[in-house]
Amino acid sequence: MNLSQTNINHEYIIDKINIDKCTSIRLQILGVLKGTHILVINKMKNGAIILKVRGTRLGIDKEVANSITCISLEDKGEKNE
């Protein structure tokens, strides 16, 4: 599923990032890489999403959210509570 299809207050693992090189490098600098655990904090009406990545809140727009594929931790059975 892409990041736009995720649910608030659920954890995911980034599986793939399909976006232009410049934006991809910017995301890498911010810690958004394949295999990174993220928490979806909030979703805005305009499609923007607020994430928690490595202890930092990060806002991304709809276009970037649509380009990031992720896997739910519940689906993988890896959620630690």
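A 1.4 Å probe, protein heavy atoms only, puts the accessible area of C22 near 100 Å².
When the convex hull of its Cα atoms is viewed from all sides, the chain shows a mean projected area of 4.9 nm². Proximity of backbone amide H atoms, modeled 1.01 Å from N, is registered between A48 and K62 at under 5 Å, excluding neighbours fewer than 5 places apart on the same chain. The residues of the chain expose, per residue, 65 Å² of accessible area to a 1.4 Å probe.
Computed about the Cα centre, the dipole magnitude for the chain is approximately 280 debye when only Lys and Arg (+1) and Asp and Glu (-1) carry charge, each at its Cβ.
How many nm is it between the label spots at I41 and N66, if each spot is 7 Å from the Cα in line with the beta carbon? It is 2.5 nm. For the chain, the 222 nm mean residue ellipticity estimated from helices alone, with every DSSP H stretch of n ≥ 4 adding -39500 (n - 2.57) and the total spread over all residues, rounds to -5500 deg cm²/dmol. Carbon-plus-sulfur fraction of the accessible area of the chain, 1.4 Å probe, in percent? Carbon and sulfur atoms account for 47 percent of the accessible area of the chain. Listed values for the range 49-57 are Karplus-derived 3J(HN,Hα) couplings in whole Hz (6.51 cos²θ - 1.76 cosθ + 1.60, θ = phi - 60°), namely 10, 9, 10, 10, 10, 6, x, 10, 7, and x replaces Gly and Pro.
The values are calculated or read from the model by the stated rules, or taken from the named source; none is laboratory data. What you are looking at is a predicted structure, and each value in this text was computed from that prediction instead of being measured. Reconstructed Cβ throughout: ideal geometry from the backbone, glycine too, with neighbour counts over all protein chains shown. Surface accessibility is based on the protein's heavy atoms, side chains included, excluding ligands, DNA and RNA. Shrake-Rupley method; radii C 1.70, N 1.55, O 1.52, S 1.80 Å.
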